[in-house]
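Undergrad: My questions all concern the structure below.
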Amino acid sequence: MEALGKLENLQSMLSFIQEHGLSSNNQDSDRFLAEFMLFMANPCGKFTMEEKCHLISERLPKISPAVLEEATLCLTGEDYQQNCVERPTEIYLERKSDLDALGGDIEDMAMVGLDAMQRANSTLEDFCRFYFMFHGMDVKKPEVVFKYLPVLSFMEGYIYQLDSYNEQILDLSTMEVTSDTSKPDRNHKLKDCFMKVFRTDPFRPLILLLGHLGLMTERIRAELKCGEEYWLLERKLCNALVSKQQILIEDVMRASHLKSFDYRVLNLLLYQLRGKQVDDLHMEFLSTSEFLVEVSDDFACASCLFFMCMSGMAHLHEWVCDIVHENFAVEQGDDVVENNFNILRMFVGIYGASMAPTMLAQYITEAEEKYERLSKSLDENLSLNCWRRCEEATREGGKISGHSFGTWNIPTVIADEELYRSDILSSLPRN
């Protein structure tokens with residue numbers, strides 16, 4: 001939270017510099033000036049602003065580059081190292097001249113934090129290792145990967161940046177409902193600050209950038225809108241679940257199918273980067289697999305990427321009455337505590353703990369049947385490569401015995417979320 005507050009203050013000061021004609025038209029210079037002005041604005045006892053300015057003007061001639069270099073040698077402690085890591089790390093990926101050409105200003109600049117890019121890394125790896133084959137690309141060739149990675153990485157990082165804001169909104173909403181009112185005013189202001197991002201066309205800077213690069217299409221724009229819809233549905237459903245309000249199965253299934261919008265955006269973007277026509281069969285096939293992957297992630301089970309339908313094994317309706325009950329799934333438990341969207345907890349909220357697994361298994365069966373039908377339409381070599389990647393991913397997921405594609409295990413559901421959340425939070429060490 002503190003880091004996000006610093007970023008917000010820095011953005012405000014950069015806008016102030018622009019508005020008051022203090023900009024040097026150099027990104028690094030403006031950044032330095034903004035941070036210096038923030039430093040000067042910080043209270044320091046009874047030291048007035050006028051006294052601060054007088055002190056700086058008086059001492060500045062004595063502070064040479066050599067003196068500053070010598071001063072940095074004194075700052076080698078842990079606190080200094082931590083400060084270096086936690087400094088605002090947005091990466092400005094457009095020049096101001098580009099923004100001027102677009103008629104924009106610094107608020108239209110697409111920015112991504114280092115944390116968001118790091119979080120996006122696993123998605124990018126998964127995308128490259130699986131989706132590249134649908135473009136006839138060899139992920140084992142570095143020149144192929146790095147040719148497109150910068151744009152793909154920035155795209156996914158930007159989406160994760162917005163997703164982190166959405167998570168903060170959900171977290172603050174959960175605090176309100178679960179009687180964490182230690183700082184109600186501050187929590188409300190933070191929540192309103194994050195909500196402002198989603199009220200003001202959050203993808204606009206990204207759309208401007210892609211348009212400037214000649215990469216924006218209506219299909220990409222539509223998928224970005226799907227992302228906004230998913231975050232809206234996630235907030236609506238998760239807040240309703242915590243508040244014990246009614247939720248609709250139509251909203252849950254819609255959110256489940258929208259959840260992987262970022263993979264579809266990356267895929268459509270890769271078609272644009274390569275100057276190729278979109279393959280609708282591949283898109284539909286991958287969209288079906290994305291739904292199954294999202295469900296398996298929510299179960300936190302061993303099955304990875306692809307499932308029994310591809311192996312010709314029995315479908316879910318043949319084992320739905322033999323659901324395996326295990327300990328609480330890690331993913332499901334984390335999603336309860338953090339109040340994130342999880343399809344299993346949504347089904348529990350609608351159908352109750354006893355009926356939820358059976359009802360959900362029916363939807364999985366339908367998706368598997370569609371997946372199997374579409375997989376038979378793929379090119380034979382592509383289908384074989386999918387099979388191999390599936391086996392590889394299953395081994396990487398720790399599945400070393402049983403069927404090579406893993407199995408469906410629906411974990412024991414968390415029937416009383418309020419009690420579970422309370423037990424977990426009470427076990428955490430207090431500051």
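The values are calculated or read from the model by the stated rules, or taken from the named source; none is laboratory data. Treat the numbers as computed from the prediction; the structure is a model and nothing was measured. Don't worry about glycine lacking a Cβ; one is built from the backbone with ideal geometry, like all the others, and counts go over all protein chains shown. Accessible surface is based on the protein model in full, side chains and every heavy atom, while ligands, DNA and RNA are left aside. Shrake-Rupley method; radii C 1.70, N 1.55, O 1.52, S 1.80 Å.
Undergrad: For the range 352-367, which positions are under 21 Å from Q246 (Cβ atoms) and either assigned by the TED database to the domain that holds Q246 or surrounded by 17 or more Cβ atoms within 10 Å (Cβ to Cβ) (or both)?
TA: A356, P357, L360, Y363 - these are the residues of the range 352-367 that are under 21 Å from Q246 (Cβ atoms) and either assigned by the TED database to the domain that holds Q246 or surrounded by 17 or more Cβ atoms within 10 Å (Cβ to Cβ) (or both).
Undergrad: Does S289 fit the bill of being open to solvent by 40 Å² or more (accessible area, probe 1.4 Å), at pLDDT 50 or above and not assigned by the TED database to the domain that holds W231? Spell out the reasoning first.
TA: Numbers: open to solvent by 40 Å² or more (accessible area, probe 1.4 Å): no; at pLDDT 50 or above: yes; not assigned by the TED database to the domain that holds W231: yes.
Criteria not met by S289.
Undergrad: Kindly list the number of the only condition in (1) open to solvent by 80 Å² or more (accessible area, probe 1.4 Å); (2) modelled with pLDDT of 70 or more that fails for L73.
TA: (2)
Undergrad: Of M37, M137, which residue is modelled with pLDDT of 85 or more and in a helix (DSSP H, G or I)?
TA: M37
Undergrad: Which pairs do you get when a residue that is acidic (D, E), found in the range 274-289, comes within reach of a residue that is assigned to a helix (DSSP H, G or I), reach meaning Cβ atoms under 9 angstrom, with the pair 6+ apart or on two chains?
TA: From residues that are acidic (D, E), the pairs are D279/F134; D279/H135; D279/Y271; E284/K370; E284/L374.
Undergrad: Please indicate, with yes or no, whether at least one residue in the range 153-173 is outside the structural domain of L382 (by the TED database), open to solvent by less than 70 Å² (accessible area, probe 1.4 Å) and in contact with a His (Cβ under 6 Å, 6 or more places away or on another chain).
TA: No, there is no match, as no residue in the range 153-173 is outside the structural domain of L382 (by the TED database), open to solvent by less than 70 Å² (accessible area, probe 1.4 Å) and in contact with a His (Cβ under 6 Å, 6 or more places away or on another chain).
Undergrad: Test K6 against the stated conditions and say whether it is at pLDDT 80 or above and either more than 21 Å from V197 (Cβ to Cβ) or part of a helix (DSSP H, G or I) (or both). Explain how you work it out, then say what you get.
TA: On the way: at pLDDT 80 or above: no; either more than 21 Å from V197 (Cβ to Cβ) or part of a helix (DSSP H, G or I) (or both): yes.
Spelling it out, it is not the case that K6 is at pLDDT 80 or above and either more than 21 Å from V197 (Cβ to Cβ) or part of a helix (DSSP H, G or I) (or both).
Undergrad: How do the pairs read when you match residues in the range 362-374 that are free of Cβ contacts under 8 Å to residues at least 60 places away in the same chain with residues anywhere that are open to solvent by 70 Å² or more (accessible area, probe 1.4 Å), using Cβ under 6 Å and keeping only pairs 6 or more apart or on different chains?
TA: Listed pairs, sorted by first residue: T365/H317.
Undergrad: If you take the residues in the range 40-64 that are among the charged types (D, E, K, R) and in a helix (DSSP H, G or I), which one is nearest to the chain's Cα centre (by Cα)?
TA: Of the residues in the range 40-64, the ones among the charged types (D, E, K, R) are 46, 50-52, 58-59, 62.
Of the ones still in play, those that are also in a helix (DSSP H, G or I) are 50-52, 58-59, 62.
Details: E50: 44, E51: 45, K52: 42, E58: 48, R59: 46, K62: 47 Å.
So, considering only residues that are among the charged types (D, E, K, R) and in a helix (DSSP H, G or I), the one nearest to the chain's Cα centre (by Cα) is K52.
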